[in-house]
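Accompanying notes for the structure given below.
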Amino acid sequence: MMKYEAVIGLEVHVQVRTRSKMFCSCPNRFGAEPNTLVCPVCLGYPGTLPVPNHEAIVKAVRAGLLTHCKIAEVSKFDRKSYFYPDLAKNYQISQYDMPFCTGGYLEIGGGKGFSGQDLAERQVGITRIHLEEDPAKLTHFGKFTGADFNRSGVPLLEIVSEPDMRSADEAYAYLTGLKEIMRYGGIGDCDMEKGQMRCDVNISLRPFGQKEFGTKIEIKNLNSFRAAHRAVEYEMARQAEELDAGHTLRQETRGWNDDHGETYLMRTKEEAHDYRYFPDPDLMEVRLSKEEIESIRASLPELPEAMRRRMVADYGISRYDAEVLTADQDVASWFDRAAAGSDAPKQVANWTISELLRLLGETKTAIADCPVKPEQLASLVALIAKGVINNRIGKDVFAEMFRTGTAPDEIVKSKGLAQVNDDGAVAAFVDQAIAANPAQVEQFKAGNAKVLQFLVGQVMKVSRGKANPQSVVALLKEKLQ
Ligand SMILES: [Zn+2]
């Protein structure tokens, strides 16, 4: 049993989705030919003047409001000085002591964690969220390195958590929760493969019961949530081993080698930078009125966690189903519309998960292009509840709806699929099936009750799936007695 408790904090960078860059009018677009989306400002030429991007500031405030932060009415930009080939002007415009957002939190847990164990509900504190500019992107090609300034000046949020997490699963849940919020809030796409979300982990160990923190180790540039989870587990084991051996840990920055599954030393604290922060003289303080902050608050979407809780309470669906349905914001709102218009929202959830998501996946169709309207699924579920069609025919009807976008009642009418509920008509199907399967009828009469299911199937086949299944079973039993 582990005798140490891990103390974990995360520093996450999220590129903000905006039309233009943070301080110039170059497009903020991923994937263009290197160094084609540039101008003197984002190339760092001397004498140029930055102009702050209002859209990015609004999105920074949105990120803060969605994570329950206090929003500063007065904020400012500072210069963070350092020398590196990705930073042509030798300083990055960032925020030091007056960020836009402080003192928030994110809710995690309530379901299964990444490793499959239950994860208790709790809040992870958010220390601050500030806005800065992304540096250029360096790519190493063996003997030389390329710098792509298309990324230079892209608005970037830095989101710093409190050291509130205690396990790799909690860190993972925080990262997925944060990504979900950023995407729901329209703040960023957070595609890690495109570098739109990057994460550093701070981790230390201390004996259980001890208040003081242990020596903090920072792990840089984790490029996936899975890598973050593995790196935390690796560091917990490594640091525990060092402490058990009586060694003192040094404060250091480590990298993560995903192939080897281990962290490695990058630099120790002695080499720590002094960034010489000072207010950027080219930029005014940013003032946000209470009215402006409130109008941003009024435009916020419902958060996924709140949405899940509401769906469980209002629609009577399971927590797991709510998680599946809210994994994608567009699917969630599609389902919401369908369920809200139905007397049987739980059935609507089942159909959405088992049929709709399956067909979307098989046909590689985005929900936005889904031919079935939410109201049409609600009517299909109603047709089944009223006994107009049975569940099996319902699946065929849904497949047809998905192919053509036709309303379910029209399909049922035009294809003559309505369930046969008339006992006389069902009795005729039953008689046909009994006549065609004398051997099975004998087996049933000899006491083999399992054959009944086969005979039910035969009646359904004779009726081309349209007979009311309850009537079929009742009539079969009656006639075979
Ligand atoms: Zn530019």
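Computed from the coordinates by the stated procedures, all read-outs in this text should not be read as laboratory data. Source: prediction; values computed, not measured. Cβ atoms come from the backbone with ideal geometry, glycine included; neighbour counts cover every protein chain shown.
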Original post:
What is the Cα centroid distance between the stretch 237-285 and the stretch 286-362, reported in whole angstrom?
Top reply: 39 Å
Subject >> the stretch 100-110 - phi-based ³J(HN,Hα) in whole Hz, Karplus 6.51/-1.76/1.60, Gly and Pro as x >> reply: 5, 10, 9, x, x, 7, 10, 8, 10, x, x
Original post:
For the stretch 381-400 and the stretch 31-100, what is the separation of their C-alpha centers, rounded to whole Å?
Top reply: 55 Å
Original post:
According to the square roots a ≥ b ≥ c of the eigenvalues of the Cα gyration tensor, what is the shape class of the stretch 103-158, taking rounded for a/c under 1.5, prolate for a/b larger than b/c otherwise, and oblate for the remainder?
Top reply: oblate
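Quick check for me: using +1 on Lys/Arg Cβ and -1 on Asp/Glu Cβ, what's the dipole size of the stretch 363-481 about its Cα centre, in debye to the nearest 20?
Numbers: 15 positive and 11 negative charges, 57 e Å.
Dipole size: approximately 280 debye.
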Original post:
For labels at Lys413 and Glu442 in the simple 7 Å Cα→Cβ model, what's the distance in nm?
Top reply: 4.9 nm
**OP:** Could you sort out which of Lys21/Lys179; Lys21/Lys76; Lys413/Lys461; Lys413/Lys450; Lys3/Lys211 sit more than 25 Å apart by Cα distance in this structure?
**Re:** Lys413/Lys450
**OP:** May I ask you to derive the relative contact order of the chain, considering only C-alpha pairs under 8 Å and at least 6 residues apart, and to give it as an integer percent?
**Re:** 14 percent
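Contact order normalised by length for the stretch 183-305, with contacts defined as Cα pairs under 8 Å and 6 or more residues apart; what percent is it?
Working: 133 pairs, mean separation 24.6, N = 123.
Dividing the mean separation by the residue count of the stretch 183-305 yields 20 percent.
Evaluate the Kirkwood expression for the hydrodynamic radius of the chain, namely the inverse of the mean inverse distance over all pairs of different C-alpha atoms, and round to one decimal in Å.
Details: mean 1/r = 0.0374 Å⁻¹.
One decimal place: 26.8 Å for the Kirkwood radius.
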Original post:
Among all the aspartates and glutamates, which ones have a C-alpha under 15 Å from Lys80's C-alpha, if same-chain residues fewer than 8 places away are not counted?
Top reply: Asp97, Glu132, Glu133, Asp134, Glu158, Asp274, Asp280, Asp282
Original post:
Normalized C-alpha radius of gyration of the stretch 245-402, against 2.2 N^0.38 Å?
Top reply: 1.72
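May I ask for the percentage of alpha-carbon pairs in the stretch 256-343 that lie more than 16 Å from each other?
The answer is 74 percent, as a whole percent.
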**OP:** Starting from the exponent 0.38 and prefactor 2.2 Å, build the expected Rg for the stretch 155-282 from its residue count and divide its actual Cα Rg by it.
**Re:** 1.17
Subject >> Isolated Cys residues of the chain, judged by Cβ distance under 4.7 Å to other cysteines >> reply: Cys24, Cys26, Cys39, Cys42, Cys190, Cys199, Cys370
Original post:
Hey, what angle do you get for helix 225-244 against the long axis of the chain, alpha-carbon based, 0 to 90 degrees rounded to 10?
Top reply: 60 degrees
Subject >> For the stretch 131-175, radius of gyration divided by Kirkwood radius, i.e. Rg to Rh on alpha-carbons >> reply: 1.21
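Mind checking the dipole of the chain: about its Cα centre, +1 per Lys or Arg Cβ, -1 per Asp or Glu Cβ, Debye to the nearest 20?
Details: 60 positive and 67 negative charges, 216 e Å.
It comes to approximately 1040 debye.
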Original post:
Is the stretch 305-355 rounded, prolate or oblate when judged by the Cα gyration tensor, a ≥ b ≥ c being the square roots of its eigenvalues, rounded requiring a/c under 1.5 and prolate requiring a/b larger than b/c?
Top reply: rounded
Subject >> Degrees between helix 304-315 axis and first principal axis of the chain (Cα, 0 to 90, nearest 10) >> reply: 20 degrees
**OP:** List the lysines whose Cα lies under 17 Å from the Cα of Lys269, skipping any in the same chain that are fewer than 8 positions away.
**Re:** Lys216, Lys220
Subject >> Rounded tilt (10° steps) of 374-385 against the dominant C-alpha axis of the chain >> reply: 30 degrees
